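Since the structure comes first, as structure tokens, the remarks are kept for the end.
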Amino acid sequence: MTPEQAAHRIAQLRSEIEQANHDYYVLDNPTIPDAEYDRRFRELQALEAEHPDLASADSPSQRVGGKPLAAFAQVRHRVPMLSIRTETDTTPAGAQAFDARVRKELGLTEADPAVEYAAELKFDGLAMSLRYEHGVLVQAATRGDGETGEDVTQNVRTVQVIPLRLDTEDPPELLEVRGEVYLSRGAFERYNERQRALGRPALVNPRNGAAGSIRQLDPAIAAQRPLSFYCYGIGETVGWALPASHGEVLDRLAALGLPVCAERVVGPGSDTLLEFHRAIAAKRDGLPFDIDGVVYKVNRLDLQRQLGFVAREPRWAVAHKYPAQEELTTVEAIEVQVGRTGAITPVARLAPVFVGGVTVTNATLHNEDEVRRKDVRVGDTVIVRRAGDVIPEVVSVVLERRPMRDLVTPLSDAFEMPRTCPECGAPVLRIEGEAAARCTNGLSCPAQRKQAIVHFAGRRAMDIEGLGDKLVEQLVDKGLVATPADLYGLTLEAVAGLERMAEKSAANLTAAIAASRARDLHRFIFALGIRNVGEQTAKDLARHFGQLDALMAADETALMQVADVGPVVAKSILAFFAEAHNRAVIERLRAAGAWKDGEARPAAAGHLAGKTFVLTGTLPMLSRDQAKGIIEAAGGKVAGSVSKKTDFVIAGSDPGSKFTKAQELGIATLDEGGLLALINIGSN
């Protein structure tokens, strides 16, 4: 066979095999016998081995798995993979609440027409980004923290329903597809039957099975797992004319050969959402895969852009879950746990029960009032609820099954909150107006100390890579670390002496601790773990006061001048800095150079106040976070998408669709130098 003949035959076999895969895995309609499929597949493999110059990343032969990986590479999402808000009301009224919020945000009155919505399923799997360049799948990444995920391309190539090449003769330059990898119920059961027959461990549930398969370091193992995938949206695009609506986006993706679930509707107003919620609830148990709810989205993309985002969630979408799954079990003990801020939480130790896809042995009882209200006692039969990743909770006691000493006396006494901390023996107090009782010992309490250090080292705080729960526990138990400040005095020898810490691991950790010095003030404030002070509040405080000393010296009136700081947050900040122990730790952290002060720029007074910026492409000197930081420090706001409300688009190299959108809308664009010049105008 000549090279030309081989190339022709390889192309023919690839086309036939991919069509057979589509018919079998997507349409559930096999068109050729298994033996014939195997014959063509083996022929393709032999031809590719004979002609390695004709090998291609989009060949179906690449689905069988490549070499095992040492670790997953990190992937920065150019368009963040944000989560969506969950509607708290699991009844049909939740759909009406979402519609009411959308209409209010859009400024619509009762006289205005209904908003058009798209409703679809909320799959219970693993969120995934697929990046197609010129029609070929070049990268697959997990959601991760929304901004950075893991490169799982080799494993995703083994998912038969995911096309390695888009079905079009004119593919876009770049199309990033967002969706969910999942394991169908039938595939889950068949796989587990084979595993048990071979004496191997079975998967716990479909969701964990999907996530665990994708995160296998050996793609050959992932290839053995019968995974599926459904698209639900897009990320970054270049050279792809964006449709006018979300429903049209999904139709276009389906036309490209990508799997899109047929269980979706588009229609006007809350009635559409209510009917979809009802219809799916009726057929939920009969679906071939697990879902934990439905998703509603404003259909028109221009209205999505107008609605925008709040924090890290879109205003134009919501997840509407169904009532949680519940099971019966018995309470074997009631213990308490001490949280990072000293909160004492009662926890029910349960006889193991399978609920919500996992085996549950512990359930939160929230606080003392909840235990008393539900009257939970040791020995009781209780209803346990778990939904998705929510911490299991005890819903209620089945009093008819309560063990009794006699006809009127319960076998177990009512729960009493301990008066002293189980970790350190310090008094436990409950402040008037608060639901939680707390240990009064602060960072001197081992439990609070460990969790405070873990929080301090967290990614969005001081970002000390490798310093997790297990290692912190060792450091505290061995007396090497008592406060976050002690981290900066750790020696390589001390760390290397810990269990399971080789010299290289110890060197990596001490290097990570050293690299965490001189963090921006807002990250340091967040790292301190002040009650009620989250990441955004820490940014607002840093921007307003500029220096930690100014923040520490502020009274309640001064604190409440900061955006979104009310009496509760202000009191938490004052109480934290009033503690002599906390101030002593901060002084040691100052000596270690843990943070760098900035310059006070109250948001209301910044010369960019009221201006909205969008960042796109790669800037020559500034990282995305640095550019965002200097804009916010000057009072500006950084948005994730371009709209008519955008004032400036800051474009670096390879700017993508945001730059094109800015040009279409006539929005001013600046490069990095233009941004710095704009910032400096207000500094002169």
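Things to note:
- For the chain, the Cβ-based charge dipole about the Cα centre amounts to some 1120 debye (Lys, Arg positive; Asp, Glu negative; other atoms uncharged).
- Three-way shape call for the range 298-343 based on the alpha-carbon gyration tensor, with the a/c threshold at 1.5: oblate
- Radius 12 Å from Cβ of D167, net charge of other residues (Lys, Arg +1; Asp, Glu -1): -2
- Straight-line cross-link partners of K611 among the aspartates and glutamates, defined as a Cα under 15 Å from its Cα and at least 8 positions apart when in the same chain: E632, D647.
- Cα gyration tensor category, rounded, prolate or oblate, for the range 442-515 with a/c compared to 1.5: oblate
- Cα-based shape type of the range 116-321, given that a ≥ b ≥ c are square roots of the gyration tensor eigenvalues and the cut on a/c is 1.5: oblate
- Contact order, relative form, for the range 185-246: 27 percent (alpha carbon pairs under 8 Å, 6 or more residues apart, mean separation divided by residue count).
- Normalising the average separation of contacting C-alpha pairs (under 8 angstrom, six or more residues apart) by the number of residues puts the relative contact order of the chain at 9 percent.
- Candidate values [x] 3, 12, 19, 24, 23, 14, 5, 1, 0, 0; [y] 3, 15, 23, 21, 16, 12, 6, 2, 0, 0; [z] 3, 14, 24, 27, 19, 8, 3, 1, 1, 0, 0, label of the one derived for P(r) over Cα pairs in 10 Å bins from 0, in percent: [x]
- Considering only Cα atoms, the convex hull volume of the range 575-649 works out to 141 Å³ per residue.
- Across the range 329-461, the convex hull enclosing all Cα atoms gives 132 Å³ per residue.
- With neighbour counts taken as other beta-carbon atoms within 10 Å, the residues K539, K661, K470 rank, fewest first, as K470, K661, K539.
- Debye, to nearest 20: dipole size of the range 519-596, +1 on Lys, Arg Cβ, -1 on Asp, Glu Cβ: 280
- Distance between the range 115-153 and the range 449-527 - C-alpha centres, whole angstrom: 33
- Assuming charge only on the beta carbon of Lys and Arg (+1) and of Asp and Glu (-1), the dipole of the range 58-206 about its Cα centre is about 900 debye to the nearest 20.
- The modelled label-to-label distance for the pair L429/M417, using points 7 Å beyond Cα in the direction of Cβ, is 1.3 nm.
- For the range 447-582, with +1 on Lys and Arg beta carbons and -1 on Asp and Glu, the positive-most of S572, L498, L528 along the dipole: L498
- Selection among S657, L198, F545 by position relative to the dipole of the chain gives F545 as farthest towards the positive end (Cβ unit charges, Cα centre).
- The residue among G146, L399, A11 whose Cα reaches farthest toward the positive pole of the charge dipole of the chain, with charges on the beta-carbon of Lys, Arg, Asp and Glu, is L399.
Where a number appears in this text, it was derived from the coordinates with a stated rule and is not lab data. Model, not experiment: these values are computed from the prediction. Virtual Cβ from ideal backbone geometry, glycine too; neighbours counted across all protein chains shown.
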